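Engineer: Have a look at this one before I ask anything.
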Amino acid sequence: MNTIRYIIQKEFKQIFRNKAMLPIIFVLPMIQLIILANAATFEVKNIKFSYIDNDKTSFSRALVDKFEASTYFDVLHSFPSAKMAKSAMLDGKVDVIIEIPSHFERNLLKDKKTNLSVTINAIDGAAAGVENVYINQIVQQFNQNAKVALMQTGDAMAKPQNIITIPSFWYNETLNYKTFMVPGILVLLVTMITLFLSGMNIVREKEIGTLEQINVTPIKKYQFIIGKLFPFLVLGLVLLTVGLIIAKLLFQVPMVGSILLMYGYTIIYILVILGIGLFISNFTDTQQQAMFIAWFFMVIFILMSGLFTPVESMPKWAQILTEFNPIKYFVQVMRMVMLKGADLQDIYPQVIKTLLYALIMNGLAVWSYKKVS
């Protein structure tokens with residue numbers, strides 16, 4: 001036990017001796033959390049909107065006013081022709097073009113119906129889909145107002161039959177996207193720091209030649225590995241703590257569930273990441289190699305974790321692969337515990353799978369580590 005304690009002390013001294021690494025470990029992740037939480041959003045705002053009004057009536061003006069009143073659209077100006085509007089879209093100056101046809105008001109008054117031409121820049125398909133939803137909502141509101149305005153005196157008693165929905169938003173009443181994203185980004189930062197540091201730590205010992213000196217000592221393999229990885233477990237928990245404080249104070253993310261349960265699962269998860277880092281370091285000779293391999297797997301894990309896109313929207317084969325993704329389980333647990341107040345019974349499947357993952361990865365890491373005497 002004393003041997004492990006001495007190795008742990010040596011690792012902590014080595015970490016804090018490197019003054020250049022301290023900002024990378026503690027400061028940069030917090031800056032990333034603050035920036036990414038504001039940048040990583042699927043909300044589309046400041047949509048560059050333009051229109052072609054071929055009718056120039058009170059009804060067409062009322063429709064344009066609806067878009068001007070929206071917080072999502074920036075109404076730039078009108079174009080005299082569709083050709084000029086499409087040329088502006090080609091230059092990237094316009095995102096959405098609505099063309100109001102001639103006799104727009106007359107057709108509404110006479111035929112009770114008319115058409116609108118909507119052109120959306122769909123290079124970014126996800127943003128175009130959101131923009132289309134915004135446009136349809138505004139047009140539907142205008143349509144409802146137009147129906148009321150067009151009701152004739154004889155139809156005054158025949159009130160239009162509408163279905164009124166009363167939504168109830170659970171777990172995120174204000175529909176704040178940061179509430180959804182901050183727990184996931186916190187998972188990302190804890191994962192990256194612990195994986196990269198653990199993966200490069202032993203490789204660095206190889207590069208400077210101290211690993212060979214350690215290998216010829218009577219230190220047992222398990223003592224060396226525990227002493228090497230324990231400091232990064234502590235650093236991961238410290239990062240989680242600071243991140244939770246920022247999430248609560250800066251972003252007002254609710255923490256409904258048990259903090260102890262969150263930390264307990266995080267310990268199991270970090271053991272998985274440390275095992276992966278150690279396993280990578282056993283097959284690499286330089287820090288650049290370790291960094292490249294770790295980043296290769298990290299990108300795949302992040303994109304298939306459900307952090308940015310729902311797992312349910314992925315192809316069936318991709319959904320099967322996500323069952324082997326530890327980041328997916330950590331993202332699910334963080335959101336369930338923080339936002340839903342889930343208890344151990346609710347996250348029991350994730351705990352079992354993560355614990356099994358930790359046993360396998362650390363077993364492989366210990367088995368593949370060669371202590372040559």
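Engineer: Which residue out of 98, 4 is open to solvent by less than 70 Å² (accessible area, probe 1.4 Å) and touching a strand residue (DSSP E or B) at 6+ places or on another chain (Cβ under 7 Å)?
Structural biologist: Residue meeting the stated conditions: 98.
Engineer: Is it true that residue 369 is over 24 Å from the mean Cα position of the chain (by Cα) and not hydrophobic (A, V, I, L, M, F, W, C)?
Structural biologist: Spelling it out, residue 369 is indeed over 24 Å from the mean Cα position of the chain (by Cα) and not hydrophobic (A, V, I, L, M, F, W, C).
Engineer: Return the residues of region 252-294 that are hydrophobic (A, V, I, L, M, F, W, C), open to solvent by 50 Å² or more (accessible area, probe 1.4 Å) and under 17 Å from residue 202 (Cβ atoms); say none if nothing qualifies.
Structural biologist: Hits for region 252-294 are 271, 279, 283, 291, 292, 293.
Engineer: Still on this structure, please answer the following. Do we find a residue being under 31 Å from the mean Cα position of the chain (by Cα), closer than 26 Å to residue 127 by Cβ and among the polar types (S, T, N, Q) anywhere in region 62-77?
Structural biologist: There is at least one residue in region 62-77 that is under 31 Å from the mean Cα position of the chain (by Cα), closer than 26 Å to residue 127 by Cβ and among the polar types (S, T, N, Q).
Okay, residues lined up against (1) at negative phi; (2) surrounded by 12 or more Cβ atoms within 10 Å (Cβ to Cβ); (3) at pLDDT 85 or above; (4) under 33 Å from the mean Cα position of the chain (by Cα):
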{"site": "122", "(1), (2), (3), (4)": "yes, yes, yes, yes"}
{"site": "134", "(1), (2), (3), (4)": "yes, yes, yes, yes"}
{"site": "139", "(1), (2), (3), (4)": "yes, yes, yes, yes"}
{"site": "145", "(1), (2), (3), (4)": "yes, yes, no, no"}
{"site": "168", "(1), (2), (3), (4)": "yes, no, no, yes"}
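Engineer: Mind checking which pairs have a first residue in region 264-279 that is free of Cβ contacts under 8 Å to residues at least 40 places away in the same chain and a second that is β-branched (Val, Ile, Thr) and open to solvent by 20 Å² or more (accessible area, probe 1.4 Å), Cβ under 9 Å, 6 or more apart or different chains?
Structural biologist: 264/351
Engineer: Search region 78-103 for residues being under 37 Å from the mean Cα position of the chain (by Cα) and among the polar types (S, T, N, Q), and hand back the single one that is nearest to residue 125 (Cα to Cα).
Structural biologist: Among them, the one singled out is 87.
Engineer: Also, I was wondering about something else. Just to be sure I understand, how many residues within region 326-351 are over 16 Å from residue 302 (Cα atoms) and either touching a residue at least 12 places away in the same chain (Cβ under 8 Å) or buried (at least 19 other Cβ atoms within 10 Å of the Cβ) (or both)?
Structural biologist: 12
Engineer: Are any of the residues in region 243-251 closer than 27 Å to residue 348 by Cβ and aliphatic (A, V, I, L, M)? Break it down into steps so the answer makes sense when it comes.
Structural biologist: So the first thing to find is which residues in region 243-251 are closer than 27 Å to residue 348 by Cβ, and the list is 243-244, 247-248.
Cutting the leftovers down to aliphatic (A, V, I, L, M) gives us 244, 247.
Yes, because at least one residue in region 243-251 is closer than 27 Å to residue 348 by Cβ and aliphatic (A, V, I, L, M).
Engineer: Still on this structure: Which of the residues belonging to region 54-78 are assigned to a loop (DSSP other than H, G, I, E, B) and open to solvent by less than 60 Å² (accessible area, probe 1.4 Å)?
Structural biologist: Hits for region 54-78 are 55, 57, 70.
Engineer: Now for a different question. Please find, within region 7-20, the residue that is modelled with the lowest pLDDT out of those that are surrounded by fewer than 13 Cβ atoms within 10 Å (Cβ to Cβ) and closer than 16 Å to residue 231 by Cβ. Lay out the reasoning, then the answer.
Structural biologist: First, the residues of region 7-20 that are surrounded by fewer than 13 Cβ atoms within 10 Å (Cβ to Cβ): 9, 13, 16-20.
When the remaining residues are screened for being closer than 16 Å to residue 231 by Cβ, the result is 9, 13, 16-18.
On the way: 9: 81, 13: 78, 16: 75, 17: 76, 18: 70.
Among residues in region 7-20 that are surrounded by fewer than 13 Cβ atoms within 10 Å (Cβ to Cβ) and closer than 16 Å to residue 231 by Cβ, the one modelled with the lowest pLDDT is 18.
Engineer: Does any residue in region 1-21 that is closer than 17 Å to residue 202 by Cα come within less than 8 Å, Cβ to Cβ, of a residue that is open to solvent by 80 Å² or more (accessible area, probe 1.4 Å) and of a type in the set (Phe, Trp, Tyr) six or more places away or on a different chain, and which pairs are these?
Structural biologist: 4/230; 8/230; 11/230
Engineer: Looking at residue 23, is it closer than 29 Å to residue 302 by Cα and open to solvent by less than 40 Å² (accessible area, probe 1.4 Å)?
Structural biologist: Spelling it out, it is not the case that residue 23 is closer than 29 Å to residue 302 by Cα and open to solvent by less than 40 Å² (accessible area, probe 1.4 Å).
The values are calculated or read from the model by the stated rules, or taken from the named source; none is laboratory data. Since we're looking at a predicted model, the values are computed, not measured. Quick reminder, even Gly has a Cβ in these numbers, built from the backbone with ideal geometry, and neighbours come from all protein chains shown. With ligands, DNA and RNA removed, areas are computed over all heavy atoms of the protein, side chains included. Shrake-Rupley method; radii C 1.70, N 1.55, O 1.52, S 1.80 Å.
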